[in-house]
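A short write-up of the structure that comes next.
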Amino acid sequence: MSEQVRGRFITVEGTEGVGKSTNIAFMRTLLEAANIPHIVSREPGGTPLAEEIRNLLVVPREESMCELSELLLVFAARAQHLKTLIEPALAKGVWVLCDRFTDATYAYQGGGRGLSADTIDQLQNLVQGSLRPDCTLLLDAPVDIGMARAGARGALDRFEQEKLTFFDNVRDAYLRRVAQEPDRFAVVDARADLSVVQRNIAQVLKSQIELYQGGQHG
Ligand code: TMP
């Protein structure tokens, strides 16, 4: 019997309001059309316990959360998500399409809050071992455009309440991640018309599907 080909782990990143949800729904239709077994999840969250941790992170409260608590909660949620959902799915050949993952930690807790990349590296290694996304789609747009869209959605969460400079730092940190690992990232300009954005996304996904099918038949 041939060995099960692992599912591909695809993550989607970006600052607030860049269109992650719309485009993840689009990616899902492409995977369905290609008959690729997949699940869609998100971080922080993805399991009942991890969703409770998400609430702790995003709901605004009187007491301010210190940077290290925030970082540890993000990784606590991630450990649970990996162990109970992501790793079993990938091992069964199921693709995981995840709305944010550890690049968001480098961007928000690193770039935004100012925690060192070394600290994040250590937790990444502890929690994930060698697991990294196979491909990360970064939807990139100037921060003011996305913030206007996020604001139009209603009450702002604890992160969305941050100032523009926080998100400029988040975006810069994402772009530094891309410069460090250009092969893993696909950057799509989220300012373009939706049809153009989705044409670009479809191309990214097509090459991932080809890699996977090559593995199945190889
Ligand atoms: P959302 O925009 O996908 O709803 O994510 C909720 C917030 O969580 C978002 O503002 C970014 C933040 N976040 C972090 O700060 N660090 C992380 O590692 C992740 C995954 C999300």
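The values are calculated or read from the model by the stated rules, or taken from the named source; none is laboratory data. All values reported here derive from a predicted model rather than from experimental measurement. Positions of Cβ are backbone-derived with ideal geometry, glycine not excepted, and every protein chain shown enters the neighbour counts. The area values use the complete protein model at the heavy-atom level, side chains included, leaving out ligands, DNA and RNA. Shrake-Rupley method; radii C 1.70, N 1.55, O 1.52, S 1.80 Å.
For the chain, the dipole from Cβ point charges (+1 on Lys and Arg, -1 on Asp and Glu) about the Cα centre works out to 480 debye, to the nearest 20. Of the solvent-accessible surface of the chain, computed with a 1.4 Å probe and all protein chains present, 52% belongs to carbon and sulfur. The gain in end-to-end length when the residue 183 to residue 34 segment is fully stretched comes to 51.3 nm, 0.36 nm per residue minus the alpha carbon separation. The local environment of residue 105, defined by Cβ-Cβ distances under 11 Å, has a net charge of -1 under the rule Lys, Arg +1 and Asp, Glu -1. The order of the peptides 33-41, 96-104 by mean Cβ neighbours within 10 Å, most packed first, is 96-104, 33-41. Taking 21, 64, 116 in turn, the Gaussian network model of the chain (Cα-Cα springs below 10 Å) assigns the largest fluctuation to 64.
Tell me, what is the percent relative contact order of the chain, built from C-alpha pairs under 8 Å that lie six or more residues apart?
33 percent
Structure remark: mean-square fluctuation, Gaussian network model of the chain, C-alpha springs under 10 Å; the largest value among 74, 196, 187 belongs to 196.
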